[in-house]
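K.L.:
Pasting in a structure now, in structure tokens, and then I'll have a few things to ask.
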Amino acid sequence: MDESGGSGQPRSGTDESTERRPDRTAPATDPTRPDPTPSDTAHADSEPENGTQGPEGTDGAGDGSADRPEVQDTTRPEAPQSTSAPAEPGTEEGAASGAHEPRRPRPDAPTPHDQQATPHLDRTLAHSGTTKGRPPQRPKDPRGGLLMGRPFGVPVYVAPSWFLVAALITWVFGGQLDRVLPELGAARYLVSLFFAVAFYASVLVHELAHTVAALRFKLPVRRIQLQFFGGVSEIEKEAETPGREFVLAFVGPLLSLVLSGVFYGAMQFVEPGTVPGVLLAGLMISNLIVAAFNLLPGLPLDGGRMLRAVVWKITGRPMSGTVAAAWIGRALAVSVLVGLPWLTQSGALGSDAVDNVGMDTVMDALLAAILAAIIWTGAGNSLRMARLREHLPELRARNLTRRAVPVETDTPLSEALRRANAAGARALVVVDADGNPLSLVREAAIVGVPEHRRPWVPVSGVAQDLTDGMRVSAELSGEELLDALRAAPATEYLVVEETGEIYGVLSAADVERAFVKAMARPN
């Protein structure tokens, strides 16, 4: 069985037009200063999240911004100019919760800029929702397990649940060996453990078949994981054609059938009723069962992906194939839940019906319930991932980027916020004297600074140093954009043009909102 990654649909995090603009930064307030020249080497060795805290010890994440730095007096600013802090770049919390109340100017400290602040910036920071702002994730890339190796450059992990199923196989197969080879005594459990390891080695070969086919089609494979019920090859992208999709799905069961034939051939050279004979017979039957089960025509099984490819070829729409295979997968889940206990209880699987009572019946029902849950959940996940992929191309960094204003390192926070309001920007970028970006001001850190302290807090105290991974191209979109954000987890990213010019700041909270909206959007 193999799986593929998913993605999201865009939603603009700004109130401006989504058309390409030559300059995303706000107009400078001091025309005497030269245009800034972005530098990609500034603070390149800094950690993605440096733990810098605001004056009250509040850590967080926020928007950044960029433009020509304004010449200013770096001495302590006048209190009336900053105590009202009319508006700040929208917080992650507010962005995530969607609840933004207008912030009214304090009557005791009005400034002209309070009246000029743009409406989309004029929002409260005090009553925000739950803090968010991480890039949307595929199911976690857990190193949840033991790394066994990297065949073909793909890491293979053994999940903790494998040890549980290995113990179960050892116990069950050991009981069967006691009836066939009673002379083994306690050593039968050693033979059973060997069988469990050999069986999962066969499963690994099955998954490696998917991996090799995916790499042959130039599809990246994140990892192979051996877990409770078999294994999973996590393929990052979908096949480009239904023919490749069919081949990619079919090679796994094909290799299991080949292994079953190999073990059957090896049985001809050993004595029946011996340890090698019993082991080879068990491996032959288990690989045959793996092949047959995976050929069932429902997602997330390989047979479901083959059915998806056939429907895709007929209709010309991959989504139609996914819907058909997913619903058949759900029907299979119900069939397994009801049918497997009935088959074992009726004796249709080869044992007397009268013997299938008590603990055996309970175990059969539990096994059926687990299998049915895995198939049902996998089918639902396949539907969700397919929906996300349909909307994925609409997720564009340029559309989601916030307008930014540049400020120098020693600029008081209150003054920086005033400039952002005046320019209609929603982000702040800390730059050096030459206009090279150094860091991004964090939204959550701004929230932790009381208004009366902001005239004495430099923006550098609430900023996060830029690293290479926090610089993303304005041309990124879809899966490439999500991959870039996942590669360097942060809450804000500096968006630059191909020329290196600052375009603005991308908030992970805005991407998350777009991602969540894609999940709910009808196809």
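Residue by residue, here is whether (1) touching a Ser or Thr at 6+ places or on another chain (Cβ under 8 Å); (2) among the small types (Gly, Ala, Ser) holds:
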residue	(1), (2)
Ala201	no, yes
Ala213	no, yes
Pro220	no, no
Phe246	no, no
Ser256	yes, yes
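K.L.:
So Asn523 passes all but one of these: (1) of a type outside the set (Asp, Glu); (2) at pLDDT 90 or above; (3) open to solvent by 40 Å² or more (accessible area, probe 1.4 Å). Which condition number does it fail?
P.N.:
Result: Asn523 passes all but (2).
K.L.:
Would you tally the residues in the range 239-263 being at pLDDT below 95 and either crowded, with 21+ Cβ neighbours inside 10 Å or among the aliphatic types (A, V, I, L, M) (or both)?
P.N.:
The number of residues fulfilling the criteria is 1.
K.L.:
Restricting the first residue to the range 303-318 and requiring it to be among the basic types (Lys, Arg), which pairs with a second residue that is surrounded by fewer than 22 Cβ atoms within 10 Å (Cβ to Cβ) meet a Cβ separation below 6 Å and a spacing of at least six or different chains?
P.N.:
Lys313/Pro242
K.L.:
Restrict the check to the range 177-192 and report whether at least one residue is within 15 Å of Leu283 (Cβ to Cβ) and modelled with pLDDT of 90 or more.
P.N.:
Yes; the residues of the range 177-192 include at least one that is within 15 Å of Leu283 (Cβ to Cβ) and modelled with pLDDT of 90 or more.
K.L.:
Considering only residues that are surrounded by 17 or more Cβ atoms within 10 Å (Cβ to Cβ) and outside any helix (DSSP H, G or I), which ones fall in the range 178-221?
P.N.:
Correct list: Leu181, Leu219, Val221.
K.L.:
Could you tell me whether Thr211 is under 19 Å from Gly378 (Cβ atoms) and either hydroxyl-bearing (Ser, Thr, Tyr) or in contact with a Leu (Cβ under 6 Å, 6 or more places away or on another chain) (or both)?
P.N.:
Working: under 19 Å from Gly378 (Cβ atoms): yes; either hydroxyl-bearing (Ser, Thr, Tyr) or in contact with a Leu (Cβ under 6 Å, 6 or more places away or on another chain) (or both): yes.
Spelling it out, Thr211 is indeed under 19 Å from Gly378 (Cβ atoms) and either hydroxyl-bearing (Ser, Thr, Tyr) or in contact with a Leu (Cβ under 6 Å, 6 or more places away or on another chain) (or both).
K.L.:
Taking the residues in the range 425-443 that are open to solvent by 10 Å² or more (accessible area, probe 1.4 Å) and either part of a helix (DSSP H, G or I) or not aliphatic (A, V, I, L, M) (or both) as candidates, determine which candidate is modelled with the lowest pLDDT. So that I can check it myself, show each step before the final result.
P.N.:
Step one: filter the range 425-443 for residues open to solvent by 10 Å² or more (accessible area, probe 1.4 Å), giving 426, 432-434, 436, 438.
This time we only want the ones that are either part of a helix (DSSP H, G or I) or not aliphatic (A, V, I, L, M) (or both), so: 426, 432, 434, 436.
On the way: Arg426: 89, Asp432: 89, Asp434: 85, Asn436: 89.
Among those that are open to solvent by 10 Å² or more (accessible area, probe 1.4 Å) and either part of a helix (DSSP H, G or I) or not aliphatic (A, V, I, L, M) (or both), it is Asp434.
K.L.:
What do you reckon, is Pro318 at pLDDT 90 or above, crowded, with 18+ Cβ neighbours inside 10 Å and farther than 28 Å from Ser192 by Cβ?
P.N.:
Numbers: at pLDDT 90 or above: no; crowded, with 18+ Cβ neighbours inside 10 Å: yes; farther than 28 Å from Ser192 by Cβ: yes.
No; evaluated as a whole, the condition is false for this residue.
K.L.:
Answer yes if at least one residue in the range 141-163 is at pLDDT below 85 and open to solvent by 70 Å² or more (accessible area, probe 1.4 Å), and no otherwise.
P.N.:
yes
K.L.:
Do we find a residue being open to solvent by less than 10 Å² (accessible area, probe 1.4 Å) and within 30 Å of Leu219 (Cβ to Cβ) anywhere in the range 398-413?
P.N.:
yes
K.L.:
Go through the range 306-320 and give me each residue that's more than 24 Å from the chain's Cα centre (by Cα) and part of a helix (DSSP H, G or I). Break it down into steps so the answer makes sense when it comes.
P.N.:
Pass one, the range 306-320, residues more than 24 Å from the chain's Cα centre (by Cα): 306-307, 309-317, 320.
Answer for the range 306-320, where residues must be more than 24 Å from the chain's Cα centre (by Cα) and part of a helix (DSSP H, G or I): Met306, Leu307, Ala309, Val310, Val311, Trp312, Lys313, Ile314, Thr315, Ser320.
K.L.:
Hey, does the range 489-496 have a residue that's more than 23 Å from the chain's Cα centre (by Cα), at pLDDT below 90 and either assigned to a strand (DSSP E or B) or more than 30 Å from Leu383 (Cα to Cα) (or both)? Don't jump to the end; show me each part of the working.
P.N.:
From the range 489-496, those more than 23 Å from the chain's Cα centre (by Cα) are 496; that's our starting set.
So of that shortlist, the ones also at pLDDT below 90 come out as none.
No: the range 489-496 contains no residue that is more than 23 Å from the chain's Cα centre (by Cα), at pLDDT below 90 and either assigned to a strand (DSSP E or B) or more than 30 Å from Leu383 (Cα to Cα) (or both).
K.L.:
Under the condition of being open to solvent by 10 Å² or more (accessible area, probe 1.4 Å) and either part of a strand (DSSP E or B) or among the aromatic types (Phe, Trp, Tyr) (or both), which residue from the range 465-475 is nearest to Glu443 (Cα to Cα)?
P.N.:
Asp465
K.L.:
Restricting to the range 476-500, count the residues that are among the charged types (D, E, K, R), buried (at least 21 other Cβ atoms within 10 Å of the Cβ) and farther than 13 Å from Ala397 by Cα.
P.N.:
So the answer is 0.
K.L.:
Looking only at the range 232-284, count every residue that is more than 37 Å from the chain's Cα centre (by Cα), β-branched (Val, Ile, Thr) and part of a helix (DSSP H, G or I) and tell me the total.
P.N.:
Within the range 232-284, the first condition is being more than 37 Å from the chain's Cα centre (by Cα), and the residues that meet it are 261-282, 284.
Now narrow it down to the ones that are β-branched (Val, Ile, Thr): 262, 270, 274-275, 278.
Subset that is part of a helix (DSSP H, G or I): 262, 275, 278.
Residues in the range 232-284 being more than 37 Å from the chain's Cα centre (by Cα), β-branched (Val, Ile, Thr) and part of a helix (DSSP H, G or I): 3 in total.
K.L.:
Restricting attention to the range 446-456, does a residue exist that is at pLDDT 90 or above, crowded, with 19+ Cβ neighbours inside 10 Å and in contact with a strand residue (DSSP E or B) (Cβ under 6 Å, 6 or more places away or on another chain)?
P.N.:
yes
The values are calculated or read from the model by the stated rules, or taken from the named source; none is laboratory data. Quick caveat: nothing in here was measured; it's all calculated off a predicted structure. Quick reminder, even Gly has a Cβ in these numbers, built from the backbone with ideal geometry, and neighbours come from all protein chains shown. Calculation scope for accessible area: heavy atoms of the full protein, side chains included, ligands and nucleic acids excluded. Shrake-Rupley method; radii C 1.70, N 1.55, O 1.52, S 1.80 Å.
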